[in-house]
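Here is the structure we will look at.
The values are calculated or read from the model by the stated rules, or taken from the named source; none is laboratory data. All values reported here derive from a predicted model rather than from experimental measurement. Positions of Cβ are backbone-derived with ideal geometry, glycine not excepted, and every protein chain shown enters the neighbour counts.
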Amino acid sequence: MLSTVVFAQNDTVKVKKLMPRPPIYGIPTKTLPKGKIIYRSYFTFTDFSSMYSTQKSDMISLPNDMSFQSYSYTPKLRYGITNKLTFIANFPVFYKDLNHAGNVKTGIGLGDIVASTLYNFYHNKKKKFFLSGLLYTKLPTGKSSNLNTNELPLGTGSFDAGIALLSEKEIKKFDMRLNAFYIYRGQNKAGINLGDAQMFAFSTAYNFSKKFIVEGSILYKQSLNNFKDKQELPDTYIHLSQFIIGAQYRLAPRFLIQAAVPVTLFAKTPFSSNYDAWLGFFILY
């Protein structure tokens, strides 16, 4: 999953009133107050139900003798360098299990680490409108080459960099966001130049109270065809559209839990699921 990635937000730089609002499942627009830290982590479970068939040029159901599950746990750290600049780092850990007619392949360990900086360059306090930019880097820390016959890759094997434009408008208890993301993907360790990726997301959330928030999002992401030795590799263009419903609940003043269910609408990927299960929590410092 492109990562894809979620963080808490603050409504004000007054620490006593630090009130995280969504996105529950997405990219933040607001930055943290200077010196403030959020530790964030989440669990994801995916039970893949379909795969891409080059013969039929379409997604098909997995064969009856095949099962593929993926579990991940992703610790995240956000730190306010200044009131307008926040550092973000993600450290995903995976366990994958693919069983095809008794032939089992697994992958367990650290995935690709992501490091980003978020800068808020416009904030209209009266109209409660925010514009921010994100600089994104992904390191090829997940094992992707020299795999044994029974191993699955844990990363793309490429160094990637990206930029994003993030906007948010608050209207009383509603939050509305529109985000655009472009990722320049590099060459992996197999000598394949991975196609650049784009992501677009629109979300709206309703704050029922200081403790309870619900959110709905539409997410679209794609990556262009890969190349090797300047030759385009066929059937390497992928895309994914999802509708995501999520909720956030504050258990304590500085401890919150979140849950989301991303439902796949359309997909052309090597493997796809009908839906994922996602559960996260974070602590404010």
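Considering only residues in the stretch 105-128 that are at pLDDT 95 or above and of a type in the set (D, E, K, R), the one that is surrounded by the fewest Cβ atoms within 10 Å (Cβ to Cβ) turns out to be K105. Checking each residue in the stretch 143-182 for being more than 30 Å from I213 (Cβ to Cβ), surrounded by fewer than 15 Cβ atoms within 10 Å (Cβ to Cβ) and touching a Leu at 6+ places or on another chain (Cβ under 9 Å) picks out only A161. Could you grab me the full set of residues in the stretch 137-151 that are at pLDDT below 95 and of a type in the set (S, T, Y)? Those that are at pLDDT below 95 and of a type in the set (S, T, Y): S144, S145, T149. Among the residues of the stretch 227-276, those identified as over 30 Å from K36 (Cβ atoms), among the hydrophobic types (A, V, I, L, M, F, W, C) and out of contact with any Lys or Arg (no Cβ under 6 Å at 6 or more places or on another chain) are F227, L233, F243, V263, L265, F266, A267, F271. Among the residues of the stretch 159-189, those identified as assigned to a loop (DSSP other than H, G, I, E, B) and touching a strand residue (DSSP E or B) at 6+ places or on another chain (Cβ under 7 Å) are F159, K173, G186. Scanning the stretch 99-124 for residues that are of a type in the set (V, I, T) and either in contact with a strand residue (DSSP E or B) (Cβ under 6 Å, 6 or more places away or on another chain) or under 23 Å from Y184 (Cα atoms) (or both) gives T106, I108, I113, V114, T117. Of the residues making up the stretch 125-132, one or more are touching a residue at least 40 places away in the same chain (Cβ under 8 Å), farther than 17 Å from Q187 by Cα and of a type in the set (S, T, N, Q). Of all residues in the stretch 256-277, those that are assigned to a strand (DSSP E or B) have Cβ atoms under 6 Å from Cβ atoms of residues that are of a type in the set (D, E, K, R) and surrounded by 17 or more Cβ atoms within 10 Å (Cβ to Cβ), 6 or more apart or on another chain, in P262/D276.
The set of residues in the stretch 244-263 being over 23 Å from T46 (Cβ atoms) and among the small types (G, A, S) consists of A252 alone.
Which residue pairs have Cβ atoms under 9 Å apart, sit 6 or more places apart or on different chains, and have a first residue in the stretch 39-51 that is over 24 Å from I88 (Cβ atoms) and a second that is assigned to a strand (DSSP E or B) and of a type in the set (D, E)? Note: pairs meeting the criteria are D47/D276.
Each residue in the stretch 108-158 was checked for being assigned to a loop (DSSP other than H, G, I, E, B) and over 15 Å from N83 (Cα atoms), and 23 pass. Taking every residue in the stretch 23-37 that is within 14 Å of T117 (Cα to Cα) and pairing it with any residue that is surrounded by fewer than 21 Cβ atoms within 10 Å (Cβ to Cβ) and of a type in the set (K, R), at least 6 positions away or on another chain, the pairs with Cβ-Cβ distances below 6 Å are T31/K84. Only one of the listed residues (I37, I81) is modelled with pLDDT of 95 or more and among the aliphatic types (A, V, I, L, M). That residue is I81. Taking the stretch 190-217 as the range and being loosely packed, with under 14 Cβ neighbours inside 10 Å and either outside any strand (DSSP E or B) or touching a Pro at 6+ places or on another chain (Cβ under 6 Å) (or both) as the test, the residues that pass are A190, G191, F208, S209, K210, K211. When the stretch 229-238 is limited to residues that are part of a strand (DSSP E or B) and either loosely packed, with under 14 Cβ neighbours inside 10 Å or acidic (D, E) (or both), the one that is nearest to the chain's Cα centre (by Cα) turns out to be E232.
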